[in-house]
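Participant: This is the structure I have questions about; it appears just below.
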Amino acid sequence: VIGTLEAVSEGKIYLEEERALLVKRLAGIKEKRGEVGEAAEVLQKVAVETLGTMATEDKIEYILEQVRLFIAKGDWPRAQIYSRKIQTSSFEPKKQKREAKEGGGEKKQEQGKGNGKGASAMEVDTGTSGGAENVEMEEADGEAPRLEQLKLRYYRQMVQVHEQDDKTLEVCRCYLSMFHTPSVQRDAALFLPILRSVCWYLVLSQSEPMQVSLLEQVFNDAKIDKDDSLKRLLNDFRSELPVSWAEFQEKYAGEMGAQEVFSGEGGAAKREALRLRVIQHNILALSRYYERLTLPFFAELLDLGLEEAETQVAEMVTQGLVWAKIDQMEGTVTFTKRKEVNETLNDWSGNIGKLVDKLEKVTFLVNKEFQ
């Protein structure tokens, strides 16, 4: 019966919302039968972002249901494509959006015309495989609690999607967005587990400008003081001193054992990734203190074998994380880039020019005093 009603209502604009709900119910029936793949295929037929009569929260919930079925089916590329239909700005309450617009100066007044409610419009990506198309979607009129629930659900799904691509920093940013949700911020029982995930995924991420910025941001957050072990963890990676992997394991053995990050099938891979991050941190620390080292002494400082120490430095150089040059004939590693003759002469010329300018200024001031 539902299938017949869905077929009859197809293409009728005045029944588009009702048809979408019928399709959702049909997908639910198929999922209960264990036909997850068919349920996902049925639900993907509706481009809910184009419906003009459906409320924004209902559209977001519908898209999240589509993403959930794709994740359950194991269709990760399509889950990522459909998740892009949701703009993260849609999770902000209407009051906050209006205040932000008023504080930002003049804004377009006619942007929201044509949505049936006179509200300002926001763009949503259709996320089709052939390229994203922007359509207008009415602004959320709902209260913050429901928007926050949808926001948390969205970021939990995005954590699963990014985990598949091993995008550790993106997973960290998803947890950080959940952490900054007002309802989570008010309850320590909610924000502490999320904050732990933020910190561990942050130290698992490779050192880059975004990672360093987030590290400082989280470390300076007042709520980090509620967990001393997390503050010590971040401080170890903020420090310019090397960190012993053996001591690190011993210090955080309890926290690592209790974290979901290091459990399950990917737990061993995460522990190995953490070990590599500690090694990379130590190499960066040594590059700040030494210009040139013998390879045996360098490997000893890293507590690694000679071959692995060379491999780790080579990988960091390839990734652009550090500048280094290994001379295997002499058995040395150099962290200071040797300047070319022209560069040295240019620097010398520039310094002489600055010195002459200062002498001229001093001469002028002395003559001015005598006059």
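Participant: Which one of ARG156, ARG146 is at pLDDT below 90, surrounded by fewer than 17 Cβ atoms within 10 Å (Cβ to Cβ) and in a helix (DSSP H, G or I)? Walk me through how you get there before you give the answer.
Facilitator: On the way: ARG156 fails: at pLDDT below 90.
Criteria check complete, one pass: ARG146.
Participant: Another question, then. Could you tell me whether the stretch 285-297 includes any residue that is of a type in the set (A, V, I, L, M), free of Cβ contacts under 8 Å to residues at least 60 places away in the same chain and loosely packed, with under 15 Cβ neighbours inside 10 Å? Outline the logic, then answer.
Facilitator: From the stretch 285-297, those of a type in the set (A, V, I, L, M) are 285-286, 293, 295; that's our starting set.
Of the ones still in play, those that are also free of Cβ contacts under 8 Å to residues at least 60 places away in the same chain are 285-286, 293, 295.
Still in the running and loosely packed, with under 15 Cβ neighbours inside 10 Å: none.
Looking through the stretch 285-297, none of the residues is of a type in the set (A, V, I, L, M), free of Cβ contacts under 8 Å to residues at least 60 places away in the same chain and loosely packed, with under 15 Cβ neighbours inside 10 Å.
Participant: Tell me the residue from VAL203, VAL198, VAL171 that is among the β-branched types (Val, Ile, Thr) and within 27 Å of ALA299 (Cα to Cα), please. So that I can check it myself, show each step before the final result.
Facilitator: Details: VAL198 fails: within 27 Å of ALA299 (Cα to Cα); VAL171 fails: within 27 Å of ALA299 (Cα to Cα).
VAL203 is the lone residue from the list that is among the β-branched types (Val, Ile, Thr) and within 27 Å of ALA299 (Cα to Cα).
Participant: Now for a separate question. Of all residues in the stretch 264-284, count the ones that are closer than 15 Å to GLN206 by Cβ and open to solvent by less than 50 Å² (accessible area, probe 1.4 Å).
Facilitator: The qualifying residues number 13.
Participant: What pairs come up if the first residue lies in the stretch 25-43 and is closer than 20 Å to TRP76 by Cα and open to solvent by 60 Å² or more (accessible area, probe 1.4 Å), the second is assigned to a helix (DSSP H, G or I) and not hydrophobic (A, V, I, L, M, F, W, C), and their beta carbons are under 6 Å apart, counting only those six or more places apart or on different chains?
Facilitator: Hits for this filter: GLU38/LYS30.
Participant: Among what's in the stretch 166-182 and is free of Cβ contacts under 8 Å to residues at least 40 places away in the same chain and open to solvent by 30 Å² or more (accessible area, probe 1.4 Å), pick the residue that is farthest from ALA273 (Cα to Cα).
Facilitator: Taking the candidates together, the pick is PRO182.
Participant: With the condition kept exactly as written, say whether any residue in the stretch 193-211 is of a type in the set (Lys, Arg), more than 19 Å from VAL278 (Cβ to Cβ) and either open to solvent by 20 Å² or more (accessible area, probe 1.4 Å) or touching an Asp or Glu at 6+ places or on another chain (Cβ under 6 Å) (or both).
Facilitator: Looking for residues that are of a type in the set (Lys, Arg), more than 19 Å from VAL278 (Cβ to Cβ) and either open to solvent by 20 Å² or more (accessible area, probe 1.4 Å) or touching an Asp or Glu at 6+ places or on another chain (Cβ under 6 Å) (or both), one finds none in the stretch 193-211, hence no.
Participant: Could you please give the count of residues in the stretch 46-79 that are free of Cβ contacts under 8 Å to residues at least 40 places away in the same chain and in a loop (DSSP other than H, G, I, E, B)?
Facilitator: 5
Participant: If the requirement is being surrounded by 14 or more Cβ atoms within 10 Å (Cβ to Cβ), at pLDDT 85 or above and not aromatic (Phe, Trp, Tyr), which of these qualifies: GLU6, GLU61, GLU92, GLU17? Spell out how you get there, then give the answer.
Facilitator: On the way: GLU6 fails: at pLDDT 85 or above; GLU92 fails: at pLDDT 85 or above; GLU17 fails: at pLDDT 85 or above.
Being surrounded by 14 or more Cβ atoms within 10 Å (Cβ to Cβ), at pLDDT 85 or above and not aromatic (Phe, Trp, Tyr) holds for just one of GLU6, GLU61, GLU92, GLU17, which is GLU61.
Participant: Oh, and also: Give me a count of the residues in the stretch 220-256 that are in a loop (DSSP other than H, G, I, E, B), open to solvent by less than 50 Å² (accessible area, probe 1.4 Å) and over 24 Å from ILE283 (Cβ atoms).
Facilitator: The first filter runs over the stretch 220-256 and keeps only residues in a loop (DSSP other than H, G, I, E, B), leaving 220-221, 227, 239-244, 252.
Narrowing further to those that are open to solvent by less than 50 Å² (accessible area, probe 1.4 Å): 221, 227, 239, 243-244, 252.
Retained after the next criterion (residues that are over 24 Å from ILE283 (Cβ atoms)): 221, 227.
Qualifying residue count, the stretch 220-256: 2.
Participant: So is LEU302 closer than 27 Å to ALA253 by Cα, more than 23 Å from the chain's Cα centre (by Cα) and crowded, with 19+ Cβ neighbours inside 10 Å or not?
Facilitator: Working: closer than 27 Å to ALA253 by Cα: yes; more than 23 Å from the chain's Cα centre (by Cα): yes; crowded, with 19+ Cβ neighbours inside 10 Å: yes.
Taking the combined requirement at face value, the residue satisfies it.
Participant: Could you grab me the full set of residues in the stretch 166-194 that are outside any helix (DSSP H, G or I), among the basic types (Lys, Arg) and closer than 23 Å to GLU92 by Cβ? Break it down into steps so the answer makes sense when it comes.
Facilitator: Step one: filter the stretch 166-194 for residues outside any helix (DSSP H, G or I), giving 166-167, 180-181, 186-187.
So of that shortlist, the ones also among the basic types (Lys, Arg) come out as 167, 186.
If the condition is that a residue be outside any helix (DSSP H, G or I), among the basic types (Lys, Arg) and closer than 23 Å to GLU92 by Cβ, then ARG186 is the only one that fits.
Participant: Any idea which of GLU369, GLU343, GLU308, GLU360 is in a helix (DSSP H, G or I) and closer than 18 Å to ASN282 by Cβ? First the steps, then the outcome.
Facilitator: Working: GLU369 fails: closer than 18 Å to ASN282 by Cβ; GLU343 fails: closer than 18 Å to ASN282 by Cβ; GLU360 fails: closer than 18 Å to ASN282 by Cβ.
Going through GLU369, GLU343, GLU308, GLU360 in turn, the sole match is GLU308.
Participant: Tally up the residues in the stretch 257-283 that are under 24 Å from GLN164 (Cα atoms) and in a helix (DSSP H, G or I), please. Even if it seems obvious, please write down each step before you answer.
Facilitator: Initial filter on the stretch 257-283 (under 24 Å from GLN164 (Cα atoms)): 257-278, 280.
Now drop any that are not in a helix (DSSP H, G or I), which leaves 257-258, 260-262, 267-278, 280.
The number of residues fulfilling the criteria is 18.
The values are calculated or read from the model by the stated rules, or taken from the named source; none is laboratory data. Keep in mind it's a predicted model, so treat the numbers as computed, not measured. We place every Cβ from the backbone using ideal geometry, glycine too, and count neighbours over all the protein chains shown. Accessible surface areas use protein heavy atoms only, side chains included; no ligands, DNA or RNA. Shrake-Rupley method; radii C 1.70, N 1.55, O 1.52, S 1.80 Å.
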